[in-house]
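Here is the structure we will look at, set down as structure tokens.
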Amino acid sequence: MLETLKTALSDVIETVPYNSFGKAVLAGGGTYPRAFGGNCVFQGHELQQRLVKAGIPEENLQFTTARERPHWVVLAKDGNHLWYLDPFSLCPEPIDLARIKGKNIVSTHARYPTLPTGTGQIKVSSITKGIRLRLLSPTVDGGLKPVMKYTYRLDTEDLHSKLPDDGYQVLASIRQKHLIFTSLHPDRTVTMIHIDPVSETRTFLNIGEGQKGKWQADTMAVQEMLTRIAEEQGQTYATFDKFINEGLVAYHSFQNQDAK
């Protein structure tokens, strides 16, 4: 089973980008290329479909969420093993939570991005009623730094047989502080795009390289980065820009409804 899990997980990480606003676009009546991916639930469905198609019984797959924020992951049961699978974490290695839970250890595993100075890490440890995961990225000087504030505490005692519905996904999208798009490049570096829905300020971050720039239409470097991401997904800069603009419109529309 382990090799099947690795193959499916790597495929989703490499071909299904993370974005936090696609579900709001769809719920608002819009459309966008599936090549731009979706949120953690979207990625979870994509992973589940690949695993079932590869012969993993559906009853072996369960799902759980983080306590701090709406983030869902896939868990695969295999005898005494409980494999953690999370495309958003960019960790291509299934992690056996059963080996860690209840033990005083910190398990370290590789995650993207990969730079000449090193590779990212995910650190996993046991906590009461669950598992703590901390994402780290390499720096240009060979060190490691936290990826924003992405530390999760997964509840491993409250497991679900299916992922949440569309209504939950839209609500989760509009309650985030930023609209986010994360893409893994073929060279195994990662770009994260942040859009502030209030000021509509757009920034991109090459994770691990410490480079951050304002996303402005007349900034050639930024447009080149966005064009690169779009073309890696078989799309154009114009299509990508349209998708993000529609994401902002949908975000504000549903946020106004939620406030009423």
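The values are calculated or read from the model by the stated rules, or taken from the named source; none is laboratory data. Keep in mind it's a predicted model, so treat the numbers as computed, not measured. Cβ coordinates were reconstructed from backbone atoms using ideal geometry, including for glycine residues, and neighbour counts include every protein chain displayed.
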Among the candidates K214, K242, residue that is out of contact with any Asp or Glu (no Cβ under 6 Å at 6 or more places or on another chain), closer than 15 Å to Y32 by Cβ and either basic (K, R) or modelled with pLDDT under 70 (or both) | K242
Using beta carbons and a limit of 8 Å, which pairs, at least six apart or on different chains, have the first residue in the stretch 42-59 and in contact (Cβ under 8 Å) with a residue 60 or more places away in the chain and the second one of a type in the set (K, R) and surrounded by 11 or more Cβ atoms within 10 Å (Cβ to Cβ)?
-> F42/K23
Considering only the stretch 40-86, state which residues are under 14 Å from L133 (Cα atoms) and either in contact with a Cys (Cβ under 8 Å, 6 or more places away or on another chain) or among the basic types (K, R) (or both).
-> R67, R69, H71, W72, V73, D86
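Working carefully through the options A54, A27, A76, find the one that is within 22 Å of K101 (Cα to Cα) and more than 17 Å from the chain's Cα centre (by Cα).
Working: A54 fails: within 22 Å of K101 (Cα to Cα); A27 fails: within 22 Å of K101 (Cα to Cα).
On inspection, the qualifying residue turns out to be A76.
Scan the stretch 121-131 for residues that are surrounded by 21 or more Cβ atoms within 10 Å (Cβ to Cβ) and either modelled with pLDDT of 90 or more or among the hydroxyl-bearing types (S, T, Y) (or both) and report the count. Don't jump to the end; show me each part of the working.
Within the stretch 121-131, the subset surrounded by 21 or more Cβ atoms within 10 Å (Cβ to Cβ) is 122, 124, 131.
Next, only the ones that are either modelled with pLDDT of 90 or more or among the hydroxyl-bearing types (S, T, Y) (or both) stay: 122, 124.
Of the residues in the stretch 121-131, 2 are surrounded by 21 or more Cβ atoms within 10 Å (Cβ to Cβ) and either modelled with pLDDT of 90 or more or among the hydroxyl-bearing types (S, T, Y) (or both).
To keep it simple, each residue is scored yes or no on (1) acidic (D, E); (2) over 18 Å from T7 (Cα atoms); (3) at pLDDT below 90.
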{"site": "L26", "(1), (2), (3)": "no, yes, yes"}
{"site": "G30", "(1), (2), (3)": "no, yes, yes"}
{"site": "P33", "(1), (2), (3)": "no, yes, no"}
{"site": "Q48", "(1), (2), (3)": "no, no, no"}
{"site": "A54", "(1), (2), (3)": "no, no, no"}
{"site": "E59", "(1), (2), (3)": "yes, yes, no"}
{"site": "V73", "(1), (2), (3)": "no, no, no"}
{"site": "G102", "(1), (2), (3)": "no, yes, yes"}
Matching residues, the stretch 2-30, being over 17 Å from V73 (Cβ atoms) and in contact with an Asp or Glu (Cβ under 6 Å, 6 or more places away or on another chain) = V25, G30
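Would you confirm whether any residue within the stretch 49-64 is among the small types (G, A, S) and touching a strand residue (DSSP E or B) at 6+ places or on another chain (Cβ under 7 Å)? Break it down into steps so the answer makes sense when it comes.
Start the filter on the stretch 49-64 by keeping residues that are among the small types (G, A, S), which leaves 54-55.
This time we only want the ones that are touching a strand residue (DSSP E or B) at 6+ places or on another chain (Cβ under 7 Å), so: none.
Scanning the stretch 49-64 turns up no residue that is among the small types (G, A, S) and touching a strand residue (DSSP E or B) at 6+ places or on another chain (Cβ under 7 Å).
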Test G118 against the criterion of being within 26 Å of V190 (Cα to Cα), surrounded by fewer than 21 Cβ atoms within 10 Å (Cβ to Cβ), of a type in the set (G, A, S) and touching a Gly at 6+ places or on another chain (Cβ under 7 Å), and give yes or no.
-> yes
